[in-house]
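Data block below; observations after.
The values are calculated or read from the model by the stated rules, or taken from the named source; none is laboratory data. In this text, all values refer to a predicted model and were calculated from it rather than measured experimentally. Neighbour counts are summed over all protein chains in view; Cβ atoms, including those assigned to glycine, are modelled from backbone coordinates with ideal geometry.
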Amino acid sequence: MTVGERIKSARKAHTPVVGVKQLADAVGLAVSTLYDLERGEQESSTKLHAIAEFLGVRARWLETGSGPMRVEQGDLLDASFEDKYDRVTVVRGAMLSGGPGRVSWEFEEVDRHFAFRRQWLADKGLRADRCRIYQVAGDSNAPYIRNEDVVMINLDDRRVVDGEFYGLAFGDDLRVKQLSFRADGALRVISAADPDKAEIYRGQEIEAINIIGRVAWRGG
């Protein structure tokens, strides 16, 4: 098995499955370069350690194929990686619904993280400890956000910017939706796949909507 085949295998074995663009963006690699790696048209990359950390596999296994694939709990990370990357916690227990269904709000953190370049986070004004990764259920925001895509929610950014996506909580009903204010002050909660059927909230109804945070990044 080549390096590229191991990268592809690790992507597909990850829960949730990691897309090529998602992985490339997370480690600062061109999508075309990652495709070349997976097809065997490029033999190696300086980003292998970052790829290994993001996918939760051993760098040695990714580089050489030797040893176990998975990183065991307690393994130490390379110091240079720690200097450049921050981890954002994945929340699995509470799934943000992109469709009309209701789900329970448990906010259960799991022993998994997505790694992002510290400089990339800083450039976007994000703090890893104030962001969470969620998996979306439903296609109501297709093609922008699809079923089983993952989104990073910035818990510190709840201001409404027209056309942006937000994580919302209506009691225990959780959604990822587009928001915009009308000229009369009413709030439109929009499903991007069918914007003509936006929900309209006014006055005290708006106060009942809990904006968890703004979507700062998505991957699928």
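Could you please find all residues in segment 43-66 being in a helix (DSSP H, G or I), in contact (Cβ under 8 Å) with a residue 12 or more places away in the chain and over 23 Å from ALA122 (Cα atoms)?
Residues satisfying the conditions are ALA59, TRP61, LEU62, GLU63.
Quick one: is GLU82 at pLDDT below 80 and within 21 Å of THR46 (Cβ to Cβ)?
Spelling it out, GLU82 is indeed at pLDDT below 80 and within 21 Å of THR46 (Cβ to Cβ).
Tell me whether segment 31-42 contains one or more residues that are in a helix (DSSP H, G or I), of a type in the set (D, E, K, R) and within 17 Å of ARG117 (Cα to Cα).
No: zero hits.
Could you tell me whether ASP156 is surrounded by 17 or more Cβ atoms within 10 Å (Cβ to Cβ), in contact (Cβ under 8 Å) with a residue 24 or more places away in the chain and either assigned to a strand (DSSP E or B) or on the phi < 0 side of the Ramachandran plot (or both)?
no
Does VAL150 count as modelled with pLDDT under 90, under 16 Å from the mean Cα position of the chain (by Cα) and crowded, with 19+ Cβ neighbours inside 10 Å?
When the stated conditions are applied, VAL150 passes them.
So is ALA128 of a type in the set (Gly, Ala, Ser), farther than 30 Å from LYS84 by Cα and assigned by TED's automatic domain parsing to the domain that holds PHE114 or not?
In short, no.
Kindly indicate whether any position in segment 170-185 is crowded, with 17+ Cβ neighbours inside 10 Å and part of a loop (DSSP other than H, G, I, E, B).
Scanning segment 170-185, I find no residue that is crowded, with 17+ Cβ neighbours inside 10 Å and part of a loop (DSSP other than H, G, I, E, B), so the answer is no.
Note down all Cβ pairs under 7 Å where the first residue falls in segment 195-212 and is loosely packed, with under 13 Cβ neighbours inside 10 Å, the second is aliphatic (A, V, I, L, M), and they're at least six residues apart or on different chains.
Correct list of pairs: ILE200/ALA186; ARG202/ALA186.
Table: residues versus (1) under 20 Å from the mean Cα position of the chain (by Cα); (2) charged (D, E, K, R).
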{"position": "HIS14", "(1), (2)": "yes, no"}
{"position": "VAL18", "(1), (2)": "yes, no"}
{"position": "ALA24", "(1), (2)": "yes, no"}
{"position": "LEU29", "(1), (2)": "yes, no"}
{"position": "THR33", "(1), (2)": "no, no"}
{"position": "ARG39", "(1), (2)": "no, yes"}
{"position": "VAL57", "(1), (2)": "yes, no"}
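Any idea how many residues of segment 1-30 are out of contact with any helix residue (DSSP H, G or I) (no Cβ under 7 Å at 6 or more places or on another chain), crowded, with 16+ Cβ neighbours inside 10 Å, part of a helix (DSSP H, G or I) and not acidic (Asp, Glu)?
Matching residues across segment 1-30 total 2.
Determine whether ASP129 is surrounded by 14 or more Cβ atoms within 10 Å (Cβ to Cβ), more than 12 Å from the chain's Cα centre (by Cα) and at pLDDT 85 or above.
Criteria not met by ASP129.
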